[in-house]
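Okay, structure first, notes after.
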Ligand code: DGL
């Protein structure tokens, strides 16, 4: 009998749709409930305590929807809150950091890896630590790129101004001869063309969304994790929830992906 699971995924907002798209490609027969914390987005400049609190609240909401697996699509939340979430909830919890780190460690040849992300992600040092832990001798260069998210959301991703900012942020990597660049933020795959142009053809760009999707497939394959829990009778249509007016989530989401999003429900009670 096919095992159908219900996957809950949260992000600070709309960016996690890049992860959703990949995970559903790998798990096409499962059901997805996506929560975008649009009322409190962005997380990238917030304190650790706040990001952890938001992550617990978002996860609690999703767990109340009877999910079997929780995916933290947000890199900022994955960097700061994954350990807490794993300890707090008794269902499998998957973040984007660990799968991305494993992939980057696999593809690098010279062990010189660049990581870009929000301020909170880079300041947490989690990517740097996890890479150094699994790849001895790794040289990890990390750079916060706080202007990328607004540039993307405000539709400047293909403009000259973005090109200049990408150039500026990536300068240290070019000087340091990295061979792998990890995109440690939900939004950055949408700037991949400019990043590729700037960093050149020889650097491998790691998109954590794909690594996370593969890890989700692996967790599902370990049927023992789910046999007692999985209750979904079959695939249900995707459900989308946000914590603020859904208008801009829909607008940006549909523009990012060229798809029409179904009904987006607003939940306001806990998210302030
Ligand atoms: N989703 C966030 C991340 O992946 C980016 C947007 C934000 O700062 O909230 O880190």
Yes/no for residue 179 being farther than 22 Å from residue 98 by Cβ, at pLDDT 95 or above and either surrounded by fewer than 17 Cβ atoms within 10 Å (Cβ to Cβ) or touching a strand residue (DSSP E or B) at 6+ places or on another chain (Cβ under 6 Å) (or both): no
Selection count, the range 177-187, where residues are farther than 13 Å from residue 200 by Cβ and either under 10 Å from the mean Cα position of the chain (by Cα) or more than 16 Å from the ligand (Cβ to nearest atom) (or both): 5
Test: residue in the range 164-172 that is in contact with a helix residue (DSSP H, G or I) (Cβ under 7 Å, 6 or more places away or on another chain), at pLDDT below 95 and over 19 Å from residue 97 (Cβ atoms): no
Qualifying position, being surrounded by 13 or more Cβ atoms within 10 Å (Cβ to Cβ), more than 16 Å from the chain's Cα centre (by Cα) and within 14 Å of the ligand (Cβ to nearest atom), among 190, 141, 151: 151
Unmet requirement for residue 123, which otherwise passes all of (1) closer than 16 Å to residue 13 by Cα; (2) within 16 Å of the ligand (Cβ to nearest atom); (3) surrounded by fewer than 24 Cβ atoms within 10 Å (Cβ to Cβ): (1)
Filter result for the condition that a residue is within 26 Å of residue 58 (Cβ to Cβ) and away from the ligand (no atom under 16 Å from the Cβ), over 174, 111, 129: 129
Positions within the range 9-47 being away from the ligand (no atom under 16 Å from the Cβ) and either assigned to a strand (DSSP E or B) or within 17 Å of the chain's Cα centre (by Cα) (or both), in sequence order: 24, 25, 26, 27, 31, 32, 33
Residue within the range 13-30 that is over 21 Å from residue 214 (Cβ atoms) and surrounded by 21 or more Cβ atoms within 10 Å (Cβ to Cβ) present: yes
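Quick one: in the range 86-100, of everything that is in contact with a helix residue (DSSP H, G or I) (Cβ under 8 Å, 6 or more places away or on another chain), more than 15 Å from the ligand (Cβ to nearest atom) and not in a loop (DSSP other than H, G, I, E, B), which residue is nearest to residue 133 (Cα to Cα)?
To start, the set of residues in the range 86-100 that are in contact with a helix residue (DSSP H, G or I) (Cβ under 8 Å, 6 or more places away or on another chain) comprises 88-89, 91-100.
Subset that is more than 15 Å from the ligand (Cβ to nearest atom): 88-89, 91-93.
Subset that is not in a loop (DSSP other than H, G, I, E, B): 88, 93.
Details: 88: 24, 93: 21 Å.
Here the residue is 93.
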Spans of helices (runs of 4 or more DSSP H) in the range 113-153 with at least 1 residues over 30 Å from residue 249 (Cα atoms) and free of Cβ contacts under 8 Å to residues at least 12 places away in the same chain: 126-134
Residues of the range 101-110 satisfying the condition of being surrounded by fewer than 24 Cβ atoms within 10 Å (Cβ to Cβ) and either without any contact (Cβ under 8 Å) to a residue 60 or more places away in the chain or outside any loop (DSSP other than H, G, I, E, B) (or both): 102, 103, 105, 106, 107
Set 69, 27, 62: member being over 21 Å from residue 266 (Cα atoms) and in contact with a strand residue (DSSP E or B) (Cβ under 6 Å, 6 or more places away or on another chain): 69
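Which one of these is touching a strand residue (DSSP E or B) at 6+ places or on another chain (Cβ under 8 Å) and farther than 15 Å from residue 14 by Cα: 246, 208, 201, 189?
That would be 208, the only listed residue that is touching a strand residue (DSSP E or B) at 6+ places or on another chain (Cβ under 8 Å) and farther than 15 Å from residue 14 by Cα.
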Test: residue in the range 235-256 that is modelled with pLDDT of 90 or more, in contact with a helix residue (DSSP H, G or I) (Cβ under 7 Å, 6 or more places away or on another chain) and in a helix (DSSP H, G or I): yes
Those residues of the range 48-69 which are within 15 Å of residue 84 (Cα to Cα) and either within 13 Å of the ligand (Cβ to nearest atom) or modelled with pLDDT under 95 (or both), in sequence order: 50, 51, 54, 55, 58
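The values are calculated or read from the model by the stated rules, or taken from the named source; none is laboratory data. What you are looking at is a predicted structure, and each value in this text was computed from that prediction instead of being measured. When we count neighbours, we look across all protein chains shown, and the Cβ atoms used for this are built from the backbone with ideal geometry, even at glycine.
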